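Engineer: I am attaching a structure below and will ask some questions about it afterwards.
FYI, it's all coordinate maths here, none of it is from the lab. Owing to the predicted nature of the structure, the values given are computational and were not obtained by experimental measurement. Counting neighbours? That spans all protein chains shown, and the Cβs are built from the backbone with ideal geometry, glycine included.
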Amino acid sequence: MRLTAEQTAGAAAFFTATITRLATRPVRIMEVCGSHTVAIFRNGIRQLLPPTVELVSGPGCPVCVTPNEYLDTAIAYSRCPDTVIVTFGDMLKVPGSASSLQAEKSRGADIRIVYSPLDSLTIARENPDKHVIFLAVGFETTAPTAAATVLEAKQQRLKNFFVLSAHKLVPPALRTLLSASETKVDGFLLPGHTVTISGFEPYRFVAEEYQVPAVVTGFEALDILQGVSLLMEQIAAGKAELLNQYRRVAKPEGNPAALRILQEVYSPASAAWRGFGVIEGSGLKLKPEYGEYDAQTALPLPEIVTNEPVGCRCGEVLRGNIIPEACPHFGRNCTPEQPVGACMVSVEGACAAWYKYGQGRWNYA
Ligand code: SF4
């Protein structure tokens, strides 16, 4: 049901009033997902909230949490002869230790941007004498399509298609955050789209084990205001429950068909996250029966030396410990045009969002 403009304004006013009434002490709420970060800025939601309610960004930007080691590996593959790298566009500008995919492309590497992993199969079919490597970066939302692409590659008996997997699962990162003594979060806006795939079960520990309220939240302005309102009601009442604001899309059982495909192709594995280090069970690795599509198994590289950008505080931004403005590079020598770290590259990156929507307010002489 679509609301009229009047109804929308009324609902926004109601949720804002509820939040304001309940904001009797300082509260920190983490929007886990980069899409939420952008929606919060785009809709001016911070300006609607009382000063006691702080929204902090979390680790839900897949490009941002992909560590340099992965980028350096992708760059090393791009330098191999007869190799095509296939990627989503937002990976291009992310700086690796000494280069970026964009820099390699400008030097002649065959790097192609696609909008769906399935496009890489077309490229593989059209280039049978080349290795075609898809950079599989993303959370539960994008992993099922990558898994379906592997199944399709098998069906088509493609021998020159490979996946460099950096797929990640959000709940283990939240557990790592909650286990860290420096984490000060009173409630989580959970990413509605990943929960739509995974269902509620993987997120129940947030409320049940750590007694932190959590709300599965959609991406419209009203969704976010209602999500914050539901968190504030819980915080005020001293409750910690997992609630679902995004009922029109996210179901407790998730998406069984997508989960079946994921479980057919991938198994959970340890994975490295920027700012978090290696988190057990937080990645997705191709199962041995699909090992022929695993780039690192089928096309091994010599050992790669990786460095993180000096002074970049992306890790602390992703853990919600600082806001991007606290980084000395922010807006000075780190901008979307000349990014120092990944959080300034992706459209979902917290630094990029703070820069884009705060532009004109920053005064960095
Ligand atoms: S502003 Fe740039 S250097 Fe600083 S944390 Fe963000 S991405 Fe890293």
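Engineer: Cβ-Cβ under 7 Å, sequence separation 6+ or interchain: first residue in segment 320-338 and more than 14 Å from P309 (Cα to Cα) and basic (K, R), partner more than 8 Å from the ligand (Cβ to nearest atom) and outside any helix (DSSP H, G or I). Which pairs?
Structural biologist: The qualifying pairs are R332/Y364.
Engineer: Take the residues in segment 60-78 that are among the small types (G, A, S), in contact with a strand residue (DSSP E or B) (Cβ under 9 Å, 6 or more places away or on another chain) and in a helix (DSSP H, G or I), then tell me which one is farthest from V310 (Cα to Cα).
Structural biologist: If we filter segment 60-78 for residues that are among the small types (G, A, S), which is where we start, we get 60, 74, 76, 78.
Among the residues that remain, those that are also in contact with a strand residue (DSSP E or B) (Cβ under 9 Å, 6 or more places away or on another chain) are: 60, 74, 78.
This time we only want the ones that are in a helix (DSSP H, G or I), so: 74, 78.
Numbers: A74: 21, S78: 24 Å.
Out of the qualifying residues, it is S78.
Engineer: What is the residue count in segment 105-163 for residues that are in a strand (DSSP E or B) and surrounded by fewer than 24 Cβ atoms within 10 Å (Cβ to Cβ)? Write out each step before concluding.
Structural biologist: Taking segment 105-163 as the starting set, the residues that turn out to be in a strand (DSSP E or B) are 110-113, 131-138, 161-163.
Subset that is surrounded by fewer than 24 Cβ atoms within 10 Å (Cβ to Cβ): 110-113, 131, 138.
Number satisfying all stated conditions: 6.
Engineer: Looking at the structure I just gave you, is T176 touching a residue at least 12 places away in the same chain (Cβ under 8 Å), within 25 Å of L301 (Cα to Cα) and assigned to a helix (DSSP H, G or I)?
Structural biologist: Details: touching a residue at least 12 places away in the same chain (Cβ under 8 Å): yes; within 25 Å of L301 (Cα to Cα): no; assigned to a helix (DSSP H, G or I): yes.
Spelling it out, it is not the case that T176 is touching a residue at least 12 places away in the same chain (Cβ under 8 Å), within 25 Å of L301 (Cα to Cα) and assigned to a helix (DSSP H, G or I).
Engineer: (1) over 21 Å from I323 (Cβ atoms); (2) surrounded by fewer than 18 Cβ atoms within 10 Å (Cβ to Cβ): which one isn't true of S100, the others all being true?
Structural biologist: Single failed check for S100: (2).
Residues checked against (1) at negative phi; (2) touching a Phe, Trp or Tyr at 6+ places or on another chain (Cβ under 6 Å); (3) part of a strand (DSSP E or B):
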| site | (1), (2), (3) |
| --- | --- |
| Q7 | yes, no, no |
| F15 | yes, no, no |
| I19 | yes, no, no |
| M30 | yes, yes, yes |
| G58 | yes, no, yes |
| C80 | yes, no, no |
| V84 | yes, no, yes |
| Q102 | yes, no, no |
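Engineer: Here's another thing I want to ask about it. Hey, A269 hits all of (1) among the aliphatic types (A, V, I, L, M); (2) closer than 30 Å to A153 by Cα; (3) touching a residue at least 40 places away in the same chain (Cβ under 8 Å) but one; which does it fall short on?
Structural biologist: The failed condition is (3).
Engineer: Does segment 285-319 hold any residues that are hydrophobic (A, V, I, L, M, F, W, C), exposed (fewer than 14 other Cβ atoms within 10 Å of the Cβ) and in contact (Cβ under 8 Å) with a residue 12 or more places away in the chain, and which are they? Don't jump to the end; show me each part of the working.
Structural biologist: Step one: filter segment 285-319 for residues hydrophobic (A, V, I, L, M, F, W, C), giving 286, 295, 298-299, 301, 304-305, 310, 312, 314, 317-318.
Checking which are exposed (fewer than 14 other Cβ atoms within 10 Å of the Cβ) leaves us with 301, 305, 310.
L301, V305 - these are the residues of segment 285-319 that are hydrophobic (A, V, I, L, M, F, W, C), exposed (fewer than 14 other Cβ atoms within 10 Å of the Cβ) and in contact (Cβ under 8 Å) with a residue 12 or more places away in the chain.
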